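The values are calculated or read from the model by the stated rules, or taken from the named source; none is laboratory data. A quick note: this is a predicted structure, and the numbers were derived from the prediction, not measured. No Cβ is skipped: glycine too gets one built from the backbone with ideal geometry, and neighbour counts run over all protein chains shown. The area values use the complete protein model at the heavy-atom level, side chains included, leaving out ligands, DNA and RNA. Shrake-Rupley method; radii C 1.70, N 1.55, O 1.52, S 1.80 Å.
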Amino acid sequence: MDSTSRRKFIKLCMTSVPALILAEQAKAGGTEGNPPVSSAYRTPNSLQRYIDPLPIPKRLAPYAQHKDETLFHVRMLEFKQQLHSQLPPTRLWGYEGHYPGPTIEAFRGRAIEVQWENHLPSQHIFSIDPHIHGAMPPTPAVRVVPHLHGSRTASESDGLPEKWFATGQMAHYRYPNDQVAATLWYHDHALGITRLNVYAGLSGFFLLRDNTEAALNLPSGDYEIPLLLQDRTLDDLGQLVYSPTHEDGLKLPQGTWGPEFFGDLPVVNGAIYPYLEVEPRPYRLRILNGANSRFFNVFFNLAKGPTDIPSLVPFHQIGTDGGLLPRAVALNGVLLGPAERADLIVDFSGLSGKSVTLSNNAAAPYPGWEMANMHHERLYELMQFHVTRPLSGKTQVFDMATQSFFEKLHEADSVATRDFVLAEQLDDQGHSLGVRINGKDYDEAVTELVKLGSVEKWRFINTTDDAHPMHLHLVQFQILQRQGFNPTTFRNGSLELVGSPRPPAANEAGWKDTAIVNPRDVLTIIVRFDGFAGRYVFHCHMLEHEDNDMMRPYEVIA
Ligand code: C2O
Ligand code: CU
Ligand code: CU
């Protein structure tokens, strides 16, 4: 990997450091293998906000073009990248040596192939908990398997967790792109270490386009911005720290699995507290929550400080995980659990000279309770939009009414209802041993066999205190409803629904591949298992949960 092209990617400018403060040299001296930190750098908690431009991931160039298929090569590499201009470069793993990875763009109906190559070193950045499923020696510490989240692919190309490959190996996957335009993303999925591999930097956007979407004439080019929201913790040398906690917020010993991880710093497209200069006009923002455990409830705020009364910039949501909504929805804020996406139109017209802060008020853990909340940074601010650019030409007229035709799935077509009880296992001290689905481990025999082409209702019954973003591979589904249940009668084996069923909010009434099930709630989704027969998985997308064993296989039978 040539390091110049890597460095070109992030145009973080050292000349913008206004005040130099001394880094903690004492600590710097004590860390093996790292050069002493220059006094030009700051510590992570004294970073200045909004001095680094938002990086926009480059589009991945094809490796070869065959008749009607495009071939890409993607190498997974270790490299260094500055996450903030006041920090030394951070050791990361990334696709093609970038964090986030380059954006893969594809068009509906035109298949692409990707050769995924593992060029990572044989030592992992983080210590591995060998008690977690699939992570026991002699399994190699460094192993990867890329998954294209939200795509309908054959099982062999899905990136199943157990299909990992070690350093020096590769996999060749095919993506048919036979589905509507959507904001998809690719990320690592290796069994038992997904949380560590994604945390190290292995994720990127995959934008699938089509003619329906093109006809809307939505803001594009410089006016279409993908935003990958994540959180990271750094040591005083600017290096990644993976430090999961118990649910009460207590830190766990190094290298031990913990039920959740919340970083101290917001990272957007690989930069800490970045800013983007925008024109006073509408933008299309494709927001992806790519965090391990953190939920983001984002809003656009004109107020100066996080404690000032918010002054909201209203916006529209035009799409969900799996494509355009039946109609655009006016909103003041949008909640995204890990892996969820929101396709937004935000209009900066009339805001010339103003700064708009992309803000967040989701509790960590979500939905949160006082005790644990105190232990984690809230990350009230994520990035800023500076409306400083002059309007370049006329803003084009576009149509955001979105899909004139939207295929709603009907309950009457459902041939089966499956129940999945989400329950946490606790040790004597009340600490989590992981969450299970129907009490089963991942490697127990497949219990869900669904017929290709059939429609089913799946109900997730959440007996835990946390919200869980539940995700199915292969399909895009629709949310039917959410409803509370009586936990007391449930303990005795009967599911008694209480309160009124809540249909999905207008901005969730589209194609979803990940949906939040609240504590003490039942989430019902309707799914058509279209496309391919074969083995797939479904799981909670909080990566700590997924790794310890909140994941189950399912099989589509032809
Ligand atoms: Cu985003 Cu099974 O994954
Ligand atoms: Cu997925
Ligand atoms: Cu979970």
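A few remarks follow.
- Index of the failed condition, A362 passing every other in (1) modelled with pLDDT of 90 or more; (2) surrounded by fewer than 20 Cβ atoms within 10 Å (Cβ to Cβ): (2)
- Tallying residues that are among the polar types (S, T, N, Q) and either part of a loop (DSSP other than H, G, I, E, B) or open to solvent by 30 Å² or more (accessible area, probe 1.4 Å) (or both) within region 47-81 yields 2.
- With respect to the conditions (1) more than 18 Å from L422 (Cβ to Cβ); (2) within 16 Å of ligand 1 (Cβ to nearest atom); (3) open to solvent by less than 40 Å² (accessible area, probe 1.4 Å), I526 lacks only one, and its number is (2).
- Residue in region 408-425 that is touching a Pro at 6+ places or on another chain (Cβ under 7 Å), in a loop (DSSP other than H, G, I, E, B) and open to solvent by less than 30 Å² (accessible area, probe 1.4 Å) present: no
- Pairs with Cβ under 9 Å, 6+ apart, first in region 458-474 and touching a residue at least 24 places away in the same chain (Cβ under 8 Å) and within 15 Å of ligand 1 (Cβ to nearest atom), second open to solvent by 10 Å² or more (accessible area, probe 1.4 Å) and charged (D, E, K, R): L474/R152; L474/D530
- Subset of region 459-497 that is aromatic (F, W, Y) and more than 22 Å from L543 (Cβ to Cβ) - its residue that is farthest from ligand 2 (Cβ to nearest atom): F490
- Candidates I193, I128 - the one that is touching a residue at least 12 places away in the same chain (Cβ under 8 Å), more than 22 Å from E340 (Cβ to Cβ), of a type in the set (A, V, I, L, M, F, W, C) and in contact with a Phe, Trp or Tyr (Cβ under 9 Å, 6 or more places away or on another chain): I193
- Region 475-511, residues that are among the polar types (S, T, N, Q), closer than 30 Å to L426 by Cβ and in contact (Cβ under 8 Å) with a residue 40 or more places away in the chain: Q481, Q483
- Criterion: open to solvent by 10 Å² or more (accessible area, probe 1.4 Å), outside the structural domain of P88 (by TED's automatic domain parsing) and not β-branched (V, I, T) - qualifying residue of Q239, Q230: Q239
- Just one of the listed residues (Q429, Q403, Q384) is surrounded by 12 or more Cβ atoms within 10 Å (Cβ to Cβ), in a loop (DSSP other than H, G, I, E, B) and away from ligand 2 (no atom under 16 Å from the Cβ), namely Q403.
- Checklist (1) part of a loop (DSSP other than H, G, I, E, B); (2) surrounded by 19 or more Cβ atoms within 10 Å (Cβ to Cβ); (3) among the basic types (K, R) applied to R284, failing item: (1)
- Selected residue [within 12 Å of ligand 3 (Cβ to nearest atom), surrounded by fewer than 22 Cβ atoms within 10 Å (Cβ to Cβ) and over 30 Å from M400 (Cα atoms)] from P553, P519, P487: P519
- When the test is whether a residue is at pLDDT 95 or above, within 16 Å of ligand 2 (Cβ to nearest atom) and buried (at least 23 other Cβ atoms within 10 Å of the Cβ), G94 does not pass it.
- Residues located in region 306-315, provided they are out of contact with any Asp or Glu (no Cβ under 9 Å at 6 or more places or on another chain) and open to solvent by less than 60 Å² (accessible area, probe 1.4 Å): S311
- In this structure, G534 does not satisfy being away from ligand 3 (no atom under 14 Å from the Cβ), at pLDDT 95 or above and touching a Pro at 6+ places or on another chain (Cβ under 8 Å).
- Residue, nearest to E546 (Cα to Cα), within region 445-477, restricted to residues that are open to solvent by 10 Å² or more (accessible area, probe 1.4 Å) and in a strand (DSSP E or B): R459
- Every residue from region 316-359 that is open to solvent by 10 Å² or more (accessible area, probe 1.4 Å) and among the small types (G, A, S): A328, A330, G333, S349, G350, S352, G353, S355
- In the set P219, P176, only one residue is open to solvent by 10 Å² or more (accessible area, probe 1.4 Å) and more than 15 Å from ligand 2 (Cβ to nearest atom); that residue is P176.
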